[in-house]
Amino acid sequence: MKVLVTGAAGFIGSAVSRNLIELGHTVFAVDNFSDYYDVSLKYERVDGLLKPVDLEVLELDISNQKVFSKFVKMAQPQIILNLAAQPGVRLGIEEYSSYVTSNIVGFNNILLACMEYKIPSLIYASSSSVYGNSAMKPFTESETDLKPESFYGITKLANELLVNALLKNSVTRARALRFFTVYGPWGRPDMAYFRMIANVIIGGKFSFYGDGTIQRDFTYINDVAYSIALLAKELNGRAPGFCDVVNIGGSRPLSINYLMETVGTLSGKGVSYNRLSPHSNDMSETVANSSYLKSLIGVTPKIRLEDGIKEAYNWAIQPNIQKNLKAWIDSVN
């Protein structure tokens, strides 16, 4: 299977690209190497994860419609796996254009390419952020009361609506993946677990929003990569124009306080922090109903937070990673 992966130097994109290569698929990898966080981390992912499996990442921005369309025409992938996005929920309003450029304009260019070149399948990253605080828990894909708390979540919900509007009568099958707090080695330095681990290794203080009681359905990166490969295979058996949405989460919500305790216990050090006021864009709890995922591929995410955090910590204490931690966390607010 020929797969075009966008955002291939990102956290999820690099892990998924490597997994697809190891499964014997042909992968075309692109990324715009944005500077949302220190871009050296993206190059480290390429060197550490992708070059060992002989995968090069082409610098290409999906928001450039002409360039992206030309590349799709050349590659003729059987599936586009869109993992390119402006992530995070806490950008200031003056930076919202980044969400629009990547998550709306760039995504629309992907849909246009799918229609123009009759791409058989599209899988794209959505987010648990689309549920907001009003949806019933656990979050189920059939939920209709979707009121995202953040502009980021709004753009991800817009992606799902665009697909329903543009692809339902096309030859392209489409599947949205609503990710639930993906974590693990090679992660993003704006995420709480990453910053906590860096804190206990190199010192400094972790900026702590609220009282720590908010809960997240933490999902380990290897579970995500494994699920995506199986979901891509399952999608290939669907009829043209088919569209659905799938939660990617383990259904085990845990508090940020528990995450901090886990990191502290593992390292033998307490996490130092500055307590900040709750952030208006944060959801109070995320928890996935994974029954649909299991019905599709027979499994759900299984790696426990305690084990996944240990893997992330062991990655972070490697000398070549540890020396970069301060620069990486300092590059994002």
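Since every read-out is calculated from the coordinates, none of them should be taken as a lab result. The model shown is predicted, which means the values in this text are computed figures rather than measured ones. Neighbour counts are summed over all protein chains in view; Cβ atoms, including those assigned to glycine, are modelled from backbone coordinates with ideal geometry.
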Next on the checklist: Give the lysines whose C-alpha is closer than 23 Å to that of K137, dropping any in the same chain fewer than 8 places away, or say none.
Outcome noted: K147, K156, K294, K302
Item to check | Neighbour-count order for S150, S34, fewest beta carbons within 10 angstrom listed first | outcome: S34, S150
Checklist outcome for this item: From fewest to most C-beta neighbours within 10 Å, the residues S40, S129 line up as S40, S129
Item to check | Magnitude of the charge dipole, the chain, Cβ model with Lys/Arg +1 and Asp/Glu -1, debye to 20 | outcome: 480
Checklist entry - For the chain, what is the mean residue ellipticity at 222 nm derived from helices alone (per DSSP H run of n ≥ 4: -39500 (n - 2.57); sum divided by total residues; nearest 500 deg cm²/dmol)? => result -11000 deg cm²/dmol
Checklist entry - Once the dipole of the chain is set up with Lys and Arg at +1 and Asp and Glu at -1 on Cβ about the Cα centre, which of N274, S102, P120 lies farthest towards its positive end? => result P120
Checklist entry - What residue among S150, S207, F71 has its Cα farthest toward the positive end of the dipole of the chain, where the charges are +1 on Lys, Arg and -1 on Asp, Glu, each on the Cβ? => result F71
Next on the checklist: Please list the three semi-axes, largest first and in whole Å, of the ellipsoid equivalent to region 1-153, using sqrt of 5 times the eigenvalues of its alpha carbon gyration tensor.
Outcome noted: 26, 18, 17
Checklist outcome for this item: Here the alpha-carbon Rg of the chain over 2.2 N^0.38 Å rounds to 0.94
Checklist entry - If you rank S63, S255, S142 by fewest surrounding Cβ atoms within 10 Å, what's the result? => result S142, S255, S63
